[in-house]
Amino acid sequence: MSHNDPKGLAYAKKLITQNLKTKDTFLDLGMCGLMDLSELPELWECQHLEGLNMGPWYIVDNKDVKSKNPFSNNHIGDEGAKVIAENLTQLTSLNLSSNKIEDEGAKGITENLRQLTSLNLSRNQIGYEGAKVIGENLKQLTSLHLSLNKIGYEGAKGIGENISSLSFDVVSSVNIILNNFTIRIGTTSNTILNENTNYSYSVSSSFQPFNLASIGTGWIEFTLGSQFYWNGTSNIVIESCFDNTAYNLNSTVRYSNSGFKSNLMAFRDNVSGCTLPWNFYAEMRPNMRLKFN
């Protein structure tokens, strides 16, 4: 009995047939409701592919793009990850986010896809062992996404300990100057943010003069003036602030609902924004990427 979505499977077969004719180097098979790739043997004929997406989202020109396929998430698991790695060894970009992949799947990828430069395994179930083997065997990667897994401190340490930059996913930007725009990073033992707590920061980087209109949209990276060392156990606190005389326009970034108090805010005209006491909180938290060295 097939575990694949019948309509999604037929749709995926159609996409593969089209790709074999066009020889496009990228193939999007996300959101096809796939669980068992043994019913897609024609996929292994696509030896011209350089990039393959099996997740609900993928990145194009530094921007998140949702898969256009109209079915449910794929859940190909460890076996699916391993069979892709065994049969499409030429891939340089692979997105297997949200596919219920654990350590064995991560190991299979590292055994056969040593030429990968971009790997997205976010929103899976990868632990310390999987992260460690990725760090040891895929040192050529220029882009690695492991958010929302179970890698822990030792897994993160196997990949890198120092945070050198962070990125926000900007949806829209406006023509306004942010005076003394600053990003600060510290740690806390708190599990939720508290507006009555004065958080301390060990790294502070100023970006000025800073014009929001100049950054564009998509994932915008801010390289820190000095790297931030994460001890692997404390929760990371990130603050951004600026000093403007009045509010009139704002840019927007993508965010997610954390389900707890994870975002503190404050604003007031004609005062230093970086010294204001917190007076608002939210469970909506900006989506961010941290780059580890």
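The values are calculated or read from the model by the stated rules, or taken from the named source; none is laboratory data. Being a predicted model, the structure only gives us computed values, none of them experimental. All Cβ positions, glycine included, derive from the backbone under ideal geometry; neighbour counts span all protein chains shown. Surface accessibility is based on the protein's heavy atoms, side chains included, excluding ligands, DNA and RNA. Shrake-Rupley method; radii C 1.70, N 1.55, O 1.52, S 1.80 Å.
This table checks each residue for (1) open to solvent by 70 Å² or more (accessible area, probe 1.4 Å); (2) of a type in the set (Phe, Trp, Tyr); (3) over 30 Å from Tyr247 (Cβ atoms).
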| site | (1), (2), (3) |
| --- | --- |
| Ile126 | no, no, yes |
| Leu146 | no, no, yes |
| Asn149 | no, no, yes |
| Glu154 | yes, no, yes |
| Asn175 | yes, no, no |
| Phe207 | no, yes, no |
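Please work out which one of (1) among the β-branched types (Val, Ile, Thr); (2) part of a loop (DSSP other than H, G, I, E, B); (3) farther than 24 Å from Asn179 by Cβ is the condition Thr245 fails and give its number. All conditions are met except number (3).
Quick check on Phe168: is it modelled with pLDDT of 90 or more and aromatic (Phe, Trp, Tyr)? Full working, then the answer.
Details: modelled with pLDDT of 90 or more: yes; aromatic (Phe, Trp, Tyr): yes.
The answer is yes for Phe168.
Of all the numbered requirements in (1) open to solvent by 50 Å² or more (accessible area, probe 1.4 Å); (2) charged (D, E, K, R); (3) within 20 Å of the chain's Cα centre (by Cα); (4) within 21 Å of Leu290 (Cβ to Cβ), Lys66 misses one, and that requirement is (4). Residues in the range 91-121 that are open to solvent by 50 Å² or more (accessible area, probe 1.4 Å), over 19 Å from the mean Cα position of the chain (by Cα) and not basic (Lys, Arg): Glu104, Glu111, Asn112, Gln115. Residues in the range 209-238 that are over 21 Å from Ser172 (Cα atoms) and open to solvent by 80 Å² or more (accessible area, probe 1.4 Å) were compared, and the one that is modelled with the lowest pLDDT is Thr233. Among the residues of the range 149-162, the one identified as in a helix (DSSP H, G or I) and in contact with a strand residue (DSSP E or B) (Cβ under 6 Å, 6 or more places away or on another chain) is Ile159. Figure legend. Inter-residue proximity from the range 1-17: first residues within 17 Å of Gly80 (Cα to Cα) and open to solvent by 100 Å² or more (accessible area, probe 1.4 Å), second residues modelled with pLDDT of 95 or more and not in a helix (DSSP H, G or I), beta-carbon distance below 8 Å, spacing 6+ or different chains. Indicated pairs: His3/Met35; His3/Asp36. Looking only at the range 251-293, residues that are under 24 Å from the mean Cα position of the chain (by Cα), assigned to a loop (DSSP other than H, G, I, E, B), polar (S, T, N, Q) and over 29 Å from Thr142 (Cα atoms) come to 1 in all. Within the range 239-250, the residues that satisfy the criterion of being open to solvent by less than 70 Å² (accessible area, probe 1.4 Å), closer than 22 Å to Gly216 by Cα and over 21 Å from the mean Cα position of the chain (by Cα) are Cys241, Asp243, Asn244. When every residue of the range 40-50 is checked against the conditions, at least one turns out to be in contact (Cβ under 8 Å) with a residue 40 or more places away in the chain, open to solvent by 40 Å² or more (accessible area, probe 1.4 Å) and part of a helix (DSSP H, G or I).
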